[in-house]
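Each reported figure results from applying straightforward, stated rules to the coordinates on display, with no laboratory input. Small disclaimer: the values here were computed from a predicted structure and weren't measured. Glycine also receives a Cβ, built like all others from the backbone with ideal geometry; neighbour counts cover every protein chain displayed.
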Amino acid sequence: MANRGASGQVTQTVLVTGSSGFVGRRLVSALAGGGYRVVAASRNPGAAGFPDGVEVIRLPDLAERIEWDGLLADIAYVVHLAGVAHRGAAVAEETYDRINHVAVADLAAAAARAGLARLVFISSIGSQSGPSCDHVLSEADEPRPTTGYGRSKLAAEIALRASGAAHTIFRPVLMYGPDAPGNMRMLARLAAAPWPLPFGALTGRRSLLAVDNMINAIEFAMKSPATRNETYVIADLDAFTVPEIITVLRAAIARSPRLFPLPQGLLASVLRMIGQDELWQRLGGSLIADPAKLIAAGWQPAVDTRAGLAAMMRAVGHDPRSTFSPP
């Protein structure tokens with residue numbers, strides 16, 4: 001579980017699964033810079049460049065049953081990021097379950113046998129709620145996932161708690177940062193385009209999470225006894241409307257907001273007609289998450305949302321593939 005470095009200090013080893021992804025690449029670098037020995041496991045081990053000293057291994061297919069015990073030899077911590085992301089109807093429910101639930105249950109059982117110091121599991125706010133919610137979410141709310149993805153994440157959480165492994169579970173909201181995937185990439189690319197956008201009338205407020213805030217929360221959880229066997233909603237402190245997000249993003253590249261107020265009912269009807277009702281809920285609905293429990297444990301977000309969004313947009317604005325390309 002630990003090795004002695006050249007200075008004689010004990011170096012703890014962290015296994016990061018999903019290490020080539022949006023969060024994983026940054027986490028591996030942060031942990032290596034923080035003095036940990038890092039084993040980076042990925043289905044695509046050559047996809048990300050890591051600092052010297054990071055051991056890179058191939059992660060087996062999570063759709064198959066994995067023998068985790070061998071992978072956990074000499075490991076003190078595991079941060080489990082690997083899984084299949086939310087892709088709507090493109091992924092069958094049983095696929096979500098095998099990859100996001102059964103693989104985690106097997107990992108948790110192996111972690112309990114190995115006596116790991118901590119298994120940090122990155123779940124999702126989707127394990128607790130649908131794409132919108134009429135009240136501020138906290139850990140006290142009964143989980144009510146509405147998708148196969150969310151149900152698989154919740155099932156994984158339940159299996160992890162039952163395993164006896166020391167753990168911390170995070171339920172992050174939509175994350176942002178340079179190279180952010182999914183809906184945040186869509187918003188950034190829309191903001192990078194020169195045309196007016198029809199979102200001026202949208203009033204739903206959304207919590208966001210800087211990827212660097214997610215990373216420092218993971219590091220905090222690994223070091224903090226208070227986070228052992230706890231579950232946390234995690235978000236930045238402020239929530240924003242879509243018009244506010246677009247305004248911040250466009251200001252970062254010295255562009256005016258250029259928003260016009262297409263009536264919400266009309267925008268909703270258009271999106272529903274083309275089978276994008278869930279996208280409408282994400283654009284028009286609210287989803288605010290309260291990270292008060294994690295803050296009470298001692299965590300503080302290091303990145304302010306406006307500053308973080310602006311930094312992301314400046315990175316997008318310097319990418320010639322994104323500046324004027326439609327989503």
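Side notes on the structure shown:
- Annotation: peptides 69-75, 169-175, 111-117, ranked by per-residue average of other Cβ atoms within 10 Å with the highest first, follow the order 169-175, 111-117, 69-75.
- The simple spin-label model puts a point 7 Å past each Cα toward its Cβ; for Arg314 and Ile274 those points are separated by 3.3 nm.
- Helix runs (DSSP H) in the chain reaching 24 Å along axis by Cα, Kyte-Doolittle at least -1.0: none
- Among the trypsin sites (Lys or Arg not before Pro) in the stretch 225-303, those placed in a DSSP loop whose Cβ has at most 13 other Cβ atoms within 10 Å are Arg228.
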